[in-house]
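Undergrad: Mind having a look at this structure? Questions to follow.
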Amino acid sequence: MKKISILIILPSLAGGGAEKVTLSLLENLDKNIFLCNLILLNANGPLKVNINSEHIIDLKSQRFRHAFPSLIKKIIHIKPDIIFSTFPHITLPLLLIRKLFTKKIIIISREPNMIKFLKLVNMNYILMKILSY
């Protein structure tokens, strides 16, 4: 049986809740079913000691805008079935360019509940427009 390829993208290994939950998800996925790859924009942070995965890619970048071309190259090279991102500044550009990928990739996004941000921008409206494109 062919394994399902999952690409998980995180900005860093900072000790935040989103990073902890995502790394927990990565460690608890069934390795017989899923082939998990973790892309980090920057592999520094206190959670670096918690990683027990062989498929880790460090883009060695401090800013997402500088890492974006390298990220696209890695996505094209890995050809994942699923991309999981937990930060909107990473997910939104991926949604915008998803038509450029030759393979149909499922993009899963976890939307943070930043109330102030959501009051300023109707994020659901923007996401629905992008998804319906």
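All of the numbers you see were taken from the coordinates with simple rules; none came from a lab. For clarity, every value in this text was computed on a predicted model and none was experimentally measured. Cβ placement follows ideal geometry from the backbone for every residue including glycine, while neighbour counts extend to all protein chains displayed.
Undergrad: Only sites in a loop by DSSP and with at most 16 other Cβ atoms within 10 Å count here; which trypsin sites (Lys or Arg not before Pro) in region 1-106 make the cut? Don't jump to the answer; show the numbers that get you there.
TA: On the way: sites: 2, 3, 20, 31, 48, 60, 63, 65, 73, 74, 98, 99, 103, 104; in loops: 2, 3, 31, 60, 63, 103, 104.
Sparse-neighbourhood loop trypsin sites (Lys or Arg not before Pro): 2, 3, 31, 60, 63, 103, 104.
Undergrad: Along the charge dipole of region 52-94, Cβ charges K/R +1 and D/E -1, which of 91, 66, 55 sits furthest on the positive end?
TA: 66
Undergrad: What ranking do 30, 58, 81 get, fewest neighbouring Cβ atoms within 10 angstrom at the top?
TA: 30, 58, 81
Undergrad: Also, I was wondering about something else. Taking amide H atoms as placed 1.01 Å from N in the peptide plane, list the residues 5 or more away in sequence, or in a different chain, whose amide H sits under 5 Å from that of residue 83.
TA: The list, which skips near neighbours in sequence, is 7, 106, 107, 108.
Undergrad: Output the pairs from 60/103; 2/103; 60/99; 31/74; 73/99; 74/99 with a Cα-Cα distance over 23 Å in this structure; if there are none, say none.
TA: 60/103; 60/99
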